[in-house]
């Protein structure tokens, strides 16, 4: 007798092999795209949490939340925080958050500046007001990602910071 495969064995292999390739194709797509994206989202979320931690420290040390300062006016992309030694300006600009400290109103150049790069993050802040005085800042943040034509929010969270809260 000759050794070899029978016709039935060959047909089974030819029919089952494409299904095995389909299973591995999905696994490969996950390994090749979703895992690196998840890592980037976690990295960006960590950067965002570091920025929010700095914002909390600044608001905890704040004397107030002014409406305007030195040509800057509060809006959806700009937040002002009055400290004992100057005013901080947080600004959302082109996928980045800029933190600038001004010592006086006639300073056109900030004393120090810090930048957090958050290209896929969506960050919003809203000041709470009572009797015409701003006393708290509410933030909502998430990292957005387009997956298969749909935008998905990842790592969504919100925080509330009170002025002078220790």
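For the range 143-160, check the following and say yes or no: at least one residue is crowded, with 16+ Cβ neighbours inside 10 Å and at pLDDT 95 or above. No, the conditions are met nowhere in the range 143-160. Restricting attention to the range 116-136, the residues that are closer than 19 Å to residue 96 by Cα, in contact (Cβ under 8 Å) with a residue 40 or more places away in the chain and surrounded by 15 or more Cβ atoms within 10 Å (Cβ to Cβ) add up to 6. Number of residues in the range 137-155 that are farther than 19 Å from residue 46 by Cβ, without any contact (Cβ under 8 Å) to a residue 24 or more places away in the chain and in contact with a strand residue (DSSP E or B) (Cβ under 8 Å, 6 or more places away or on another chain): the value is 3.
Given the residues 88, 11, 83, 79, which is the only one that is more than 15 Å from the chain's Cα centre (by Cα) and under 16 Å from residue 141 (Cα atoms)? Give the derivation first.
Numbers: 88 fails: under 16 Å from residue 141 (Cα atoms); 11 fails: under 16 Å from residue 141 (Cα atoms); 83 fails: under 16 Å from residue 141 (Cα atoms).
Of 88, 11, 83, 79, the one residue that is more than 15 Å from the chain's Cα centre (by Cα) and under 16 Å from residue 141 (Cα atoms) is 79.
Just to be sure, is residue 34 within 24 Å of residue 143 (Cα to Cα), surrounded by fewer than 16 Cβ atoms within 10 Å (Cβ to Cβ), within 20 Å of the chain's Cα centre (by Cα) and in contact (Cβ under 8 Å) with a residue 12 or more places away in the chain? Taking the combined requirement at face value, the residue does not satisfy it. Scan the range 74-108 for residues that are surrounded by 11 or more Cβ atoms within 10 Å (Cβ to Cβ) and part of a strand (DSSP E or B) and the total you get is 20.
The values are calculated or read from the model by the stated rules, or taken from the named source; none is laboratory data. All of these numbers come straight from a predicted model, not from anything done at the bench. Backbone-built Cβ (ideal geometry, glycine too); neighbour counts: all protein chains shown.
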